[in-house]
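Okay, structure first, notes after.
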Amino acid sequence: MTLDEFNATLAETSPPDVSPALVALWHDARGDWEKAHNIAQDVDDASGSWVHAYLHRKEGDLGNASYWYRRARQPVAVDSLKDEWNRIVSVLL
């Protein structure tokens, strides 16, 4: 699946058959931060930590986001949230 194909699924009523971290980002893109966060916090690997970091950055909780970036072994993002979302999705696909 490509980034464009993933984005096309955002018009659907349910997420595509992808990893839980990507499902979390799918819900985030559809405006359901809570559901995205609930899913991300249950993904106990680097991908879940990265999504978790992004979500806390989006929330404005930069201290918590920094912790999750460290757990994900990713640098703290400084680009736009949209660019970071696209980057994470592209890498995880």
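Just so you know, all these numbers are worked out from the coordinates, no wet-lab data involved. This is a predicted model, so every value here is computed, not measured. Reconstructed Cβ throughout: ideal geometry from the backbone, glycine too, with neighbour counts over all protein chains shown.
Can you give the net charge of the other residues whose Cβ lies under 11 Å from the Cβ of TRP85, counting K and R as +1 and D and E as -1?
Overall, the nearby charge balance is 0.
Once label points are set 7 Å from the Cα along Cα→Cβ at both GLU12 and ARG73, what is their separation, rounded to one decimal in nm?
The modelled label-to-label distance comes out at 3.1 nm.
As a footprinting exposure proxy, order VAL43, VAL76, VAL18 by other Cβ within 10 Å, with the fewest listed first.
Least to most surrounded, the residues fall as VAL76, VAL18, VAL43.
Counting other beta carbons within 10 Å of each Cβ, put ARG70, ARG30 in order, fewest first.
ARG70, ARG30
Please state the equivalent ellipsoid semi-axes for the chain: what are the square roots of 5 times the Cα gyration tensor eigenvalues, largest first, in whole Å?
20, 13, 12
Let me make sure I get this right: for the stretch 14-56, a, b and c are the square roots of the gyration tensor eigenvalues over alpha carbons, sorted descending. Under 1.5 in a/c it's rounded, otherwise prolate if a/b > b/c, else oblate. Which is it?
Because a/c hits 1.5 or more and a/b fails to exceed b/c, the stretch 14-56 counts as oblate.
What ³J(HN,Hα) values, in whole Hz, does the Karplus curve 6.51 cos²θ - 1.76 cosθ + 1.60 give for the stretch 61-66 when θ = phi - 60°, with x put for Gly and Pro?
Couplings: 8, 5, x, 5, 4, 4 Hz.
What FRET efficiency do you get for ASP45 and LEU81 if R0 is 25 Å and r is their Cβ-Cβ distance, rounded to the nearest 0.05?
Once rounded, the FRET efficiency stands at 0.65.
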